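Beneath this line is the structure, given in structure tokens, with notes to follow.
We did not get these values from a lab; they are worked out from the coordinates using the rules stated. Please read all numbers here as calculations on a predicted model, not as lab measurements. Here the Cβ is made from the backbone with ideal geometry for all residues, glycine too, and neighbour counts use every protein chain on show.
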């Protein structure tokens, strides 16, 4: 049996990210989050039930009214908006202009004046020019798709005076399970899954950071007015670009969805991980 203590977990992550980002697998994801309409769809989902999922995540963090928070990969304000309603200040790091557009609109709608937007990736962000260190809490919520994870995690630890919270997948999400089932039919190659939370945890251990892990179940639900709406919504994620692929996706969704209360519903359960630690003095 292989001794896991000699495994370079950063290299494991790099290999997984390289496989995931190559070919049609990578193009679908990269293009999707630069598409304003895709970002608006994501924004609408985030705000369902008065930001319930986001507020549930925040309740698991050690925060106070005086907290200064750095949100890495803030998106449309998934955490930044509800956070700003209860902490002193949020720095929202977000490289996508489409996402920043939704974030700015949410800031306007909610009348917030304590969010600073930094239009950069975590790799690009400079501690002196772009940020105001140290932060009480650093958060990376489903935004650790870095090639060099060791460098990114060390940078998070350096940026905080208290806590770091990293949210990632403990198993395959419902949409990733669907990708895995259909990808080869669409693109002729198997879907490359992303690395899971255990790689992050093991790498932190190798870095001398004793992290905590909380695993919880989460239901993913997408609702559509019609089959056509479902196909239109899902085609970006599946990287559908022609009629043949669209026909395959349509048949797949028709078999997967349920009709509930006048809507077509696509749902599934996955497990998520909150990996967190308090910085040692």
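From the Cα gyration tensor of the range 113-158, with a ≥ b ≥ c the square roots of its eigenvalues, which class applies: rounded if a/c is under 1.5, or else prolate if a/b is larger than b/c, or else oblate?
Prolate is the answer for the range 113-158, as a/c is 1.5 or above and a/b outweighs b/c.
So for the pair residue 219, residue 207, with labels modelled 7 Å out along Cα→Cβ, what separation do we get in nm?
Distance between the two pseudo-spin positions: 3.5 nm.
Return the percentage of antiparallel bridges among DSSP beta bridges fully within the chain, rounded to the nearest 5 %.
Numbers: 23 of 42 bridges.
Here the antiparallel bridges make up roughly 55 percent for the chain.
Based on the alpha-carbon gyration tensor of the range 175-241 and its eigenvalue square roots a ≥ b ≥ c, which shape applies: rounded if a/c is under 1.5, prolate if not and a/b is larger than b/c, or oblate? If you can, show how the numbers build up before the last one.
Values: a/c = 4.03, a/b = 1.92, b/c = 2.09.
Oblate.
Of 121, 78, 160, which has the largest mean-square fluctuation in a 10 Å C-alpha GNM of the chain?
Among 121, 78, 160, the largest mean-square fluctuation in the Gaussian network model of the chain belongs to 121.
Need one number: nm distance between label points at residue 189 and residue 48, each 7 Å from Cα along Cα→Cβ, rounded to one decimal.
3.2
Between residue 259 and residue 59, take the C-beta separation as r, use R0 = 45 Å, and let me know the FRET efficiency to the nearest 0.05.
On the way: r = 34 Å, r/R0 = 0.75.
In this case the efficiency is close to 0.85.
Starting from 0.36 nm per residue, how many nanometres of slack lie between residue 280 and residue 175 once their C-alpha separation is accounted for?
Details: separation 105, 0.36 × 105 = 37.80 nm, distance 3.71 nm.
Once the chain is fully extended between residue 280 and residue 175, it gains 34.1 nm.
Between rounded, prolate and oblate, where does the range 8-155 land on the alpha carbon gyration tensor, with a ≥ b ≥ c its root eigenvalues, rounded for a/c under 1.5, else prolate if a/b exceeds b/c?
Values: a/c = 1.76, a/b = 1.27, b/c = 1.39.
Oblate, since a/c reaches 1.5 and b/c is not below a/b.
Return the label of the correct value of semi-axes √(5λ) of the Cα gyration tensor in Å, as calculated from the structure shown, out of (i) 31, 24, 17; (ii) 40, 24, 18; (iii) 40, 29, 17.
Of the labelled values, this structure produces (i).
Hey, fewest Cβ within 10 Å first, where do 143, 86 land in order? Working shown, then result.
Numbers: 143 21, 86 14.
Taking fewest neighbouring Cβ atoms as first place, the list is 86, 143.
R0 = 22 Å: FRET efficiency of residue 248 with residue 19, Cβ-based, nearest 0.05?
0.45
Residue 267 versus residue 132, label points 7 Å from Cα toward the beta carbon: distance in nm?
Result: 4.4 nm between the two label points.
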